[in-house]
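Everything on this sheet refers to the single structure shown next.
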């Protein structure tokens with residue numbers, strides 16, 4: 001039997017309706033917001049994961065410089081353990097939105113942390129370490145420790 005209805009290829013796609021419904025689903029909220037968040041994550045997954053440091057030395061000091069533009073002094077933590085110095089930067093952001101007309105309250109928080117550890121060839125005396133922070137540059141001076149010379153006897 002033949003029909004006089006014109007052929008429409010869209011009607012013959014086996015999954016056409018399902019694909020159309022899935023497409024609508026992924027473009028509606030909240031799914032669209034979740035997908036946007038995932039896309040943003042993969043564009044820059046760890047924006048503050050690392051920061052550049054430079055280690056140098058003079059006759060008296062080891063000098064460690066860390067570039068931390070936009071970081072506040074309160075976000076920086078320095079830790080000494082044996083012969084290592086660890087620089088940690090923590091960033092906490094909290095955004096609160098309130099719409100009294102609609103009775104909506106939204107609060108978003110993000111916490112990120114980055115750290116770098118610098119090993120030195122001697123035990124660090126944390127009381128002698130000096131650190132300054134100015135214009136996004138952290139500078140740490142660690143005094144070198146002097147060892148004792150041992151005189152070798154002649155026989």
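The values are calculated or read from the model by the stated rules, or taken from the named source; none is laboratory data. All values derive from a computational prediction rather than experimental measurement. Positions of Cβ are generated from backbone atoms using ideal geometry, with glycine treated the same way; all protein chains shown enter the neighbour counts.
Some observations on this one:
- Test set (1) over 19 Å from residue 57 (Cα atoms); (2) touching a helix residue (DSSP H, G or I) at 6+ places or on another chain (Cβ under 8 Å) - residue 142 fails condition number: (1)
- Count of the stretch 80-125 residues which are at pLDDT 90 or above, over 27 Å from the mean Cα position of the chain (by Cα) and over 17 Å from residue 55 (Cα atoms): 1
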